[in-house]
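Undergrad: Submitted below is the structure of interest, expressed as structure tokens.
Rule-based calculations on the coordinates, nothing more; no lab input. Just so it is clear, the model here is predicted, and its values are computed rather than measured.
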Amino acid sequence: MSTAPNSSLIITAGSLLSNRTYQFMVRMENRQISSIQVTGFVLVNVVDTRSPVIAVA
């Protein structure tokens, strides 16, 4: 079994507006036992800064 990611999300520059918060929903499924599933959410807060920074907490 590979530990490499099976999918990804690319957010291109300029596609999200400043001073806004975006919510993304993530659904994951176990590859060996498809009945094991989980749904999660991530909030992305876009803030103007001098240098690009991505913080995950």
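Undergrad: Give me a count of the residues in the stretch 23-56 that are more than 29 Å from ALA13 (Cα to Cα) and of a type in the set (S, T, N, Q). Please lay out each step first, then the result.
TA: Going residue by residue through the stretch 23-56, those that are more than 29 Å from ALA13 (Cα to Cα) are 29-38.
Those still in the list that are of a type in the set (S, T, N, Q) too: 30, 32, 34-35, 37.
Residues meeting the conditions: 5.
Undergrad: Right, another one. Limited to the stretch 37-53, what total is found for residues that are in a loop (DSSP other than H, G, I, E, B) and within 14 Å of TYR22 (Cα to Cα)?
TA: Of the residues in the stretch 37-53, 1 are in a loop (DSSP other than H, G, I, E, B) and within 14 Å of TYR22 (Cα to Cα).
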